[in-house]
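Undergrad: Here you go, one structure.
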Amino acid sequence: MTDSAGQGLLQTLAQADGLGRVVALLLLAMSVSSWVVILWKGWLLRRAAKDMSLSTATFWQASDLDDAQRRLVGFDSRRIVLPLVQAARGLDAAAPLTLATAADRSQQLTRVLRGALHAVLHRLQFGQVLLATVGSTAPFVGLLGTVWGIYHALTGMGQDGRWRIEQVSGPVGEALVMTAAGLAVAIPAVLAYNVLGRQIARIEADLEGFARDLRELLLARP
């Protein structure tokens, strides 16, 4: 947000009533929360993409699943690939006869790998709903503050009985700062949602490919 917009917002807050201040505080909370998510997810996805590359290379160099799991502990700090390997190894352990173990090995592998994959993707997608919500609602929250500010200014002037243009332009211009504030909150959230979404989609495609290869490998074992 520019300095002039920030000064205008401060002036608007100073003159606003309770609803106007609630709208401004709501925009501030939305901005802070979205930037926290943007910075955290940017760091997380950068580490996740690096771990994905190193972990898959490490896995295929291992001699067996036990060796792969030991190696992945040191490379997969974000636990991107390791949960899939651990889920696959869990099938080798003796288990009581249940509906989960009644199916053949192919179905069991599909089920446990799908569950592990969804758990990893759920962690990677955390915060996307917040960014989408902020991006879609912040302009309307700012518009609400603008409309209420204009209404408040015109009501006050109507009580004085004076309608000179210079008396209207100042308060109305300050109220319009709320619209600019709403856009300033929404635009970074929308851009981040799209950029981070593409990064998540690339990691998801790589993970699905790895899960498919892991399934085929385990089914080929005697």
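Undergrad: I'd like the full set of residues that are open to solvent by 30 Å² or more (accessible area, probe 1.4 Å), of a type in the set (Gly, Ala, Ser) and at pLDDT 90 or above, limited to the range 88-116.
TA: Answer for the range 88-116, where residues must be open to solvent by 30 Å² or more (accessible area, probe 1.4 Å), of a type in the set (Gly, Ala, Ser) and at pLDDT 90 or above: just Gly115.
Undergrad: Restricting attention to the range 117-138, report how many residues are closer than 14 Å to Pro83 by Cα and open to solvent by less than 60 Å² (accessible area, probe 1.4 Å).
TA: Total satisfying the criteria: 5.
Undergrad: Further, regarding this structure: Anything in the range 54-79 that is assigned to a helix (DSSP H, G or I) and surrounded by 14 or more Cβ atoms within 10 Å (Cβ to Cβ)? List them, or say none.
TA: Leu54, Ser55, Thr56, Thr58, Phe59, Leu65, Ala68, Gln69, Arg71, Leu72, Phe75
The values are calculated or read from the model by the stated rules, or taken from the named source; none is laboratory data. For clarity, every value in this text was computed on a predicted model and none was experimentally measured. Glycine also receives a Cβ, built like all others from the backbone with ideal geometry; neighbour counts cover every protein chain displayed. Please note that ligands, DNA and RNA were not included when accessible areas were found on the heavy atoms of the full protein model with its side chains. Shrake-Rupley method; radii C 1.70, N 1.55, O 1.52, S 1.80 Å.
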